[in-house]
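Only one structure is covered here, and it is reproduced in the block below.
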Amino acid sequence: MEFLISLLYDGVKEVLLRSGASIEAKRRIVDALERAIANTEYHIQHTRENGADKASIDLYNYWNTLATEIEPYDKERAEIFRMKSKYWKDPSFWLSQIKEGRIKRNLSTSLKNVKLDYWNLKTRWK
């Protein structure tokens, strides 16, 4: 799960730091990231069993909202975010796709670091 959030966060950070996004757009992106992280953490804490995540259409929608907010500034990353958000429709299927090599897993930032960086962005862009 942390690897999913990490990929999404890395893209948000890049967009905020180098894009021509307005302050209002940056606020919307940060807000979308905040909702996605908070709801993902809550969902994991209350539903994860034996290390396995349960599907959540709400989380799928939160991460897709984030992708929609970023899309005007980085279409390629928005598409990646949409693809990765599909994890929440069926986590076991998504993980099987990684094992089969159909989806690449190139994520490095822990959820803890994502949250710390999120607060840095919130302070800077809100």
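The values are calculated or read from the model by the stated rules, or taken from the named source; none is laboratory data. Only a predicted model underlies this, so the values are computations on that prediction, with no experimental measurement involved. As a convention, Cβ positions derive from the backbone with ideal geometry for all residues, glycine included, and neighbour counts pool all protein chains shown. Ligands, DNA and RNA are excluded from the accessible area calculation, which covers all protein heavy atoms including side chains. Shrake-Rupley method; radii C 1.70, N 1.55, O 1.52, S 1.80 Å.
Structure values in brief
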{"quantity": "Members of the stretch 40-63 found to be open to solvent by 50 Å² or more (accessible area, probe 1.4 Å) and in a helix (DSSP H, G or I), listed by number", "calculated": "Tyr42, Gln45, His46, Ile57, Asp58, Asn61, Tyr62"}
{"quantity": "First in the stretch 83-102 and closer than 18 Å to Ala52 by Cβ, second anywhere and at pLDDT below 85 and among the charged types (D, E, K, R), Cβ under 7 Å, 6 or more apart", "calculated": "Trp94/Lys86; Ile98/Arg105"}
{"quantity": "Hey, Leu8 modelled with pLDDT under 85, of a type outside the set (S, T, N, Q) and open to solvent by less than 50 Å² (accessible area, probe 1.4 Å) or not", "calculated": "yes"}
{"quantity": "Residue match in the stretch 26-33 (condition: β-branched (Val, Ile, Thr) and either at pLDDT 85 or above or open to solvent by 80 Å² or more (accessible area, probe 1.4 Å) (or both))", "calculated": "no"}
{"quantity": "Number of positions in the stretch 76-101 that are open to solvent by 100 Å² or more (accessible area, probe 1.4 Å) and at pLDDT 80 or above", "calculated": "5"}
